[in-house]
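Worksheet for the structure shown next.
The values are calculated or read from the model by the stated rules, or taken from the named source; none is laboratory data. Since the structure is predicted, the reported quantities are computational estimates derived from the model, not experimental observations. Cβ: placed from backbone, ideal geometry, glycine included. Neighbour counts: every protein chain shown. We work out accessible area using only protein heavy atoms, side chains counted, and drop any ligands, DNA or RNA first. Shrake-Rupley method; radii C 1.70, N 1.55, O 1.52, S 1.80 Å.
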Amino acid sequence: MQGLLLKLSTLDADAESAVRVIAYFDSLLRDHVSVPTLLAATARLAQCPVGLLDAATGRRTRTSPRGAVDTPAESPAQVRELSDGLGAVWMEREGPAHGLDEIVLERYAVAAEVTLERAAALARSGQDPALVELVLSAETGEAERARALRLLGFAPSAPLQALAIALPDRGPDRGPDRELAAGLRAMGHQVRATRIGDTEAVLVATTLPRDLPEGSRVGIGPELPGTRAAESWAGARTALRFTGPHDRVMRWSELGALALFADLPEPAVAGLADVRAMERLGEESLAAVRALCLAGSVRGAAATVHLHHSSMAARIARAESVLGFSLADAAGRLRAHLALALVRLRANLRSGTPA
């Protein structure tokens, strides 16, 4: 923060200086500073006292460039009102106004709105289920979604990923399985979660690692700005439908053309000959086909499941006799890979995994 501190008295009111002011306040928002920290940083930047009225509490706070804090009896005549009735901010410069005062006050007001909304969200533990549902709903308007994101502690333009987590059946008193969300928080991720039907919906503010904490089946949506969180949620739900016992995590970004099959009705998937044949395989043959599709060769598949290559070859031969096509070439393995994915899809359709 100190590295970004600007001395307005030494700056001209040009475009470059204005950009530096914007970058300064953007950095404060990225750091999720508190209201007192925002006031102190703004006063140091402006080199004059600044103040804030918090409408929720009715409290006025004024901070000097040296960090002294007091409570003025009333706000100055010239104030900048904040949106949504959050309050107001002001600057108290003695003498003539500086050329950058207007943009400083503007960015200060924007930062104050975000910071006050974040503070309100934290006061409610920052995990209002209704707000998460509002952010993820395709029916939510742009302004309404932006406000909900801020209340949850997310900047609307910042990248988010939505996760759809299949909840295990816990009977009539079942509740959300929070293990994955808790694991992500322990890894330092900013997380908000709620339950939607039989799925736990999770919003994560940073790019997810390749290896997630073990737990339930998870569909991961694309990384998009918060204003497009509904699209990420739709992708996460689609990815979830292709998960299974051996493919517990599926990313929308890795589905490719498979996503086109997600909306097929269950009878249509069940009617495919390759799906019916794959479902007739025993678990041993299914594991062999799955390993071959991933490794691309019999020897590679054998090493994956710790079998001698001749034993793997025998299992593949038995699978081919049931499937009715060869797995020796790339085309056959692609066909098998698609059939395996559709078997998982059908199983989820039959069990009612949310679409």
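Here are a few things to note about the model shown:
- Any hit, the range 15-26, residues being more than 30 Å from residue 189 (Cα to Cα), at pLDDT below 90, loosely packed, with under 11 Cβ neighbours inside 10 Å and not β-branched (Val, Ile, Thr): yes
- Condition check for residue 233: in contact with a helix residue (DSSP H, G or I) (Cβ under 6 Å, 6 or more places away or on another chain) and open to solvent by 40 Å² or more (accessible area, probe 1.4 Å): no
- Candidate set: the range 296-355, residues that are of a type in the set (Ser, Thr, Tyr) and within 35 Å of the chain's Cα centre (by Cα); chosen: the one nearest to residue 240 (Cα to Cα): 353
- For residue 42, the criteria (1) touching a residue at least 60 places away in the same chain (Cβ under 8 Å); (2) over 21 Å from residue 118 (Cβ atoms); (3) among the β-branched types (Val, Ile, Thr) hold in every case but one, which is (2).
- Residue check for residue 323: touching a residue at least 24 places away in the same chain (Cβ under 8 Å), out of contact with any Phe, Trp or Tyr (no Cβ under 8 Å at 6 or more places or on another chain) and among the aliphatic types (A, V, I, L, M): yes
- Search result, residues across the range 239-286 that are outside any helix (DSSP H, G or I) and touching a helix residue (DSSP H, G or I) at 6+ places or on another chain (Cβ under 7 Å): 241, 242, 243, 244, 246, 247, 250, 251, 262, 272, 281
- Condition check for residue 289: open to solvent by less than 60 Å² (accessible area, probe 1.4 Å), in contact with a helix residue (DSSP H, G or I) (Cβ under 7 Å, 6 or more places away or on another chain), within 23 Å of residue 166 (Cα to Cα) and not polar (S, T, N, Q): no
- Flag for residue 276 being among the basic types (Lys, Arg), at pLDDT below 90 and open to solvent by 20 Å² or more (accessible area, probe 1.4 Å): no
- Within the option set 200, 254, being among the acidic types (Asp, Glu) and surrounded by fewer than 23 Cβ atoms within 10 Å (Cβ to Cβ) holds for one residue only, 254.
- The conditions of being at pLDDT below 90, open to solvent by less than 60 Å² (accessible area, probe 1.4 Å) and among the aliphatic types (A, V, I, L, M) are met by residue 264.
- When the criteria are applied in full, residue 336 meets the requirement of being surrounded by 17 or more Cβ atoms within 10 Å (Cβ to Cβ) and not β-branched (Val, Ile, Thr).
- Test: residue in the range 239-260 that is closer than 30 Å to residue 159 by Cα and of a type in the set (S, T, N, Q): yes
- Matching entry among 276, 290, 299, 280 (being closer than 30 Å to residue 223 by Cβ and not hydrophobic (A, V, I, L, M, F, W, C)): 290
- Residue 33 passes every criterion in (1) open to solvent by 40 Å² or more (accessible area, probe 1.4 Å); (2) closer than 27 Å to residue 151 by Cβ apart from (1).
Listed here are the residues, each with its yes/no results for (1) modelled with pLDDT under 90; (2) assigned to a helix (DSSP H, G or I).
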position	(1), (2)
319	no, yes
322	no, yes
325	no, no
328	no, no
340	no, yes
345	no, yes
348	yes, yes
353	yes, no
